[in-house]
Amino acid sequence: MLVIYKFLSKVLQIILNILFVIQITLMILVFLTATYWFLNLINISAFDFVKPIADAVSDFVKLFYQQEVELGGVYIDASLLLFDLIAVVFVFVITKSKFYFHRGLDYLNEGIRACEEKIEAKFNKSLQKEVENSIKKCNNVAVLVQFTAKNMMVDSCWGGDANAGVKEKEEEAFKTFYASIKNITGCKFAKTGDKMLILLNDFNSVDNLLHFIDISVNRIRVNMRKKKWLLISYISVDVFDNQTNFKDDVYPLLEKLLTLKIQNEAVCLGNFCMRYELMMEPMYTPFLRGTYNISEQCDVWSLVKKN
C-alpha cells in the first residue's frame, strides 16, 4: 500500500507542477496579448515585439472562431480578446482544481505517514524482541555475600576489644546461612575467604533465591542481636551468559560492588536490571543508588523488596 500511495503522490505532484507551468504561461500570454491588442487599437507600437506571438495565437483561435466584432462601424479582429477571455477562465479553473489536487496530495501524504509509522512500529517491535532475546541469553546469576559482625557491647565508653570473637561470629553466620539455603534447586555454593559465592543457572528462579537470602540473613541478624552482636550483610548480584568468562569478568565486578559497602541490600548494575525487567512478576524493585567508578562510571542499583 505504501508503494501505491507514493506512486500516486508522485503522479499528483507532477500534475500540479504541469498545471502550475500552464497557469503561469497562460497568465503571461494573457498579459502580453491583451496589452498588445489594446495598444494596437489606439495605434501605439510599444508592444509590437509581441506581434509574432499574437499572430500565432490569433491563427490558432481562428481555426475554431473566425468572426469579427463591429465597434463604431469598424470591424475588429476579436480572436485575441476571445483567447484572453478563455485563458482567464482556464486559469481560474486551474486555480480551483489545484485546491482539490492539494487535498488529494495531503490525503496521500497522511496515508504514507500512517504506513511508515506502521512499518516503523513493526520494525521497532521486531528489534525489541530481538534485543529481549539477546538479553534473555544471560540466564546465569551470580550472588556474592559478605558478612561483617560487630560486638554491640564494645564502644568508646565501655571499652573492650572490638576484634575479639568477630571472625568466629562471621563464620558462625556463614554456616547458619549456608544451612538455610543449601537446598535451593539449581544453586552451587563456594566459600572464598570471608565471602560466599552462589551461582544459579536459571534466572527465572532469581527472586526465589534473593527471597531466601533475605529471610536467612534477617533470621541470623535477629538471633545475633539477642546475643548483643550486630550482623551487617553486603550482597552483590550479576547476570551473565554461557560465553562470559566468569573468573575474569564477573567475579571481579561482584567484589568491586561489595567495596561500595551498601548495607543489607543486594546491589547490581544496569545489565542485571535490564534482564530483571523482563521478569513477568518481579518481587523486587531496582532503585538507583548513584553513579560509581567500578570498571568505569556505572549506575549502581539496589534491589528493594516490594511490599
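The values are calculated or read from the model by the stated rules, or taken from the named source; none is laboratory data. From a predicted model like this one, the values you see are computed outputs, not experimental measurements. Methodologically, a virtual Cβ is constructed for each residue, glycine included, from the backbone with ideal geometry; neighbour enumeration extends over all protein chains shown. Ligands, DNA and RNA are excluded from the accessible area calculation, which covers all protein heavy atoms including side chains. Shrake-Rupley method; radii C 1.70, N 1.55, O 1.52, S 1.80 Å.
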If you check I198, I215, which single one turns out to be out of contact with any Asp or Glu (no Cβ under 9 Å at 6 or more places or on another chain), closer than 29 Å to L278 by Cα and not in a helix (DSSP H, G or I)? I198
Log entry, pairs with first residue in the stretch 128-139 being closer than 15 Å to D202 by Cα, second being basic (K, R) and in a helix (DSSP H, G or I), beta carbons closer than 7 Å, six or more apart or on different chains, reads I135/R275; C138/R275
If I ask for residues that are of a type in the set (G, A, S) and either at pLDDT 80 or above or closer than 28 Å to K98 by Cα (or both), which ones from the stretch 24-53 would you list? A34
Somewhere in the stretch 247-256, is a residue surrounded by 13 or more Cβ atoms within 10 Å (Cβ to Cβ), assigned to a loop (DSSP other than H, G, I, E, B) and within 33 Å of the chain's Cα centre (by Cα)? no
What are the residues in the stretch 257-303 that are closer than 25 Å to I215 by Cβ and part of a helix (DSSP H, G or I), if any? L257, L258, F272, C273, R275, Y276
The lone exception for Y234 - which of (1) more than 18 Å from N140 (Cα to Cα); (2) surrounded by fewer than 20 Cβ atoms within 10 Å (Cβ to Cβ) it fails: (2)
Candidates N124, N204 - the one that is within 23 Å of S302 (Cα to Cα) and open to solvent by 70 Å² or more (accessible area, probe 1.4 Å): N204
Which of the following residues is over 30 Å from A190 (Cβ atoms), of a type outside the set (D, E), open to solvent by less than 70 Å² (accessible area, probe 1.4 Å) and in contact with an Asp or Glu (Cβ under 8 Å, 6 or more places away or on another chain): V154, V91? V154
What are the pairs with Cβ atoms under 9 angstrom where one residue, in the stretch 224-238, is acidic (D, E) and the other, located anywhere, is assigned to a helix (DSSP H, G or I)? Sequence gap at least six, or different chains. D238/V250; D238/Y251; D238/L253; D238/L254; D238/L257; D238/N271; D238/F272
So G290 fits all but one of (1) in contact (Cβ under 8 Å) with a residue 40 or more places away in the chain; (2) open to solvent by 10 Å² or more (accessible area, probe 1.4 Å); what number is the exception? (1)
